[in-house]
Amino acid sequence: MFHFFNRKKTPLIDIIPHDFIDFHTHLLPGIDDGSKNLDESVSLIKRMNGYGIRNFICTPHIMEGVWFNTPTIINKKLIELKSYLKSLEISDISITAAAEYMVDGNFNNLLKSKELITLDGEHILIELPYFNLPYKVYEILFNIQMAGYKPILAHPERYVYLHKNYTEYQKLKDAGCIFQLNLLSLSTHYGKHIQTIALKLLKDNLIDLVASDVHNHRHLDSLESIDNPSIVKLVKPLLKKNILDYNCPFSTS
């Protein structure tokens, strides 16, 4: 009985596979609410590299009235970060950039412009507003796919208005959304209620992929705290999956 209640804990960060692609991060400096400068970006990357993560896709926010990022701005920051990493002789990682698109009033205009930055040539990372499901969201999801893209919905567990309307998750899946869970949601970083829904989505096999959504060192502190054996066991199969499982051309070289 003593041994049952004192099962050895295995930190989540200790079982991250070497080929894991963290395709949702906010590591580009001074471009959104993520890393504030180059030194912080490097510090975060080095800390995550210590977990065994060597493949990163930076996904800064693009949000009407808040974050006015464009492909030009994002690529310029990526070049700046890669150059800084090279100057520090950090060469054992792969880092590219895409974006996290808020499905807001300007999103359809961006979609029509055909200038979206994809994760891999076909998948785009989208997020929903935190207060309510967008008007005509299913029409927007249809338009995304008609434009030749595949939508990956970031952190579905964080949209509280869906918690009491749980059947909406399946509707979003049926509409073509690939679900990406934030690993942070497996801790209580966003609150116990978010953790509860995250675990329910996992148990109901509604989650396709996982990523960190790291913004800062506080996020990594929370990530390092995840060591509950039942939670780690539940998410372990998804750590072995990444966007390469969706026939994507993303290269880790």
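Every number in this text was worked out from the coordinates using simple rules, so none of it is lab data. Everything numeric here is computed off the predicted structure, so don't read it as measured data. Using ideal geometry, Cβ is built from the backbone for each residue, glycine included, and neighbour counts are taken over all protein chains shown.
Ignoring GluC sites (Glu not before Pro) that are buried or in helix or strand per DSSP, and keeping those with at most 16 other beta carbon atoms within 10 Å, what is the longest stretch of the chain between them?
123-253
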TODO: Within segment 102-128, which residues have the backbone N less than 14 Å from the label spot 7 Å out from residue 142 along Cα→beta-carbon, could you tell me?
DONE: none
Task: FRET efficiency estimate (nearest 0.05) - Cβ-Cβ, residue 130 to residue 174, R0 30 angstrom - done: 0.85
- [ ] Only helical DSSP H runs with n ≥ 4 go in: add -39500 (n - 2.57) per run for the chain, normalise by residue count and round the 222 nm mean residue ellipticity to 500 deg cm²/dmol.
- [x] -10500 deg cm²/dmol
Task: Rough spin-label spacing in nm, given labels placed 7 Å along Cα→Cβ, for residue 90 and residue 36 - done: 1.7 nm
Open item on the list: Please compute the length gained on full extension between residue 76 and residue 192, using 0.36 nm multiplied by the number of residues separating them and subtracting their Cα-Cα distance.
Closed with: 37.9 nm
Open item on the list: I need the phi-derived Karplus couplings for segment 186-196: 6.51 cos²θ - 1.76 cosθ + 1.60, θ = phi - 60°, integer Hz, Gly and Pro marked x.
Closed with: 7, 9, 9, 4, 8, x, 5, 5, 5, 4, 4
TODO: Tell me the label-point distance for the pair residue 239, residue 67, using the 7 Å Cα-to-Cβ offset, in nm and rounded to one decimal.
DONE: 2.6 nm
TODO: Eight or more residues apart or on different chains, and alpha-carbon atoms under 27 Å: count the Lys pairs in segment 1-159 matching that.
DONE: 24
Task: Within a Gaussian network of the chain (alpha carbon springs, distance under 10 Å), most fluctuating of 39, 204, 104 - done: 204
- [ ] Express as a percent, rounded to the nearest 5, the fraction of DSSP beta bridges in the chain (both residues included) that run antiparallel.
- [x] 5 percent
- [ ] Mind giving me the nanometre distance, one decimal, between the label points for residue 225 and residue 109, set 7 Å out from Cα along Cα→Cβ?
- [x] 4.0 nm
Task: Residues 125, 85, sorted so that the one with the fewest Cβ neighbours within 10 Å comes first - done: 85, 125
- [ ] Show which lysines lie in cross-link reach of residue 203 when reach means a straight Cα distance below 20 angstrom and same-chain residues fewer than eight apart are skipped.
- [x] 164, 171, 173, 192, 233, 236, 240, 241
TODO: If a/c stays under 1.5 just call it rounded; otherwise compare a/b with b/c (prolate if a/b is bigger, oblate if not). Do that for segment 4-246, with a ≥ b ≥ c from the square roots of the Cα gyration tensor eigenvalues.
DONE: oblate
Task: Long-range HN-HN contacts of residue 100 with modeled amide H, under 5 Å - done: 61, 62
- [ ] Just subtract the alpha-carbon distance of residue 166 and residue 218 from 0.36 nm times their residue separation and send over the number in nm, one decimal.
- [x] 15.8 nm
- [ ] List every residue whose amide H lies under 5 Å from the amide H of residue 150, counting only residues 5 or more places away in sequence or on a different chain, with H placed 1.01 Å from N in the peptide plane.
- [x] 123, 124
Task: Residue-wise HN-Hα coupling along segment 151-161, computed from phi with Karplus coefficients 6.51, -1.76, 1.60 (Hz; x: Gly, Pro) - done: x, 9, 8, 6, 5, x, 5, 8, 8, 4, 5
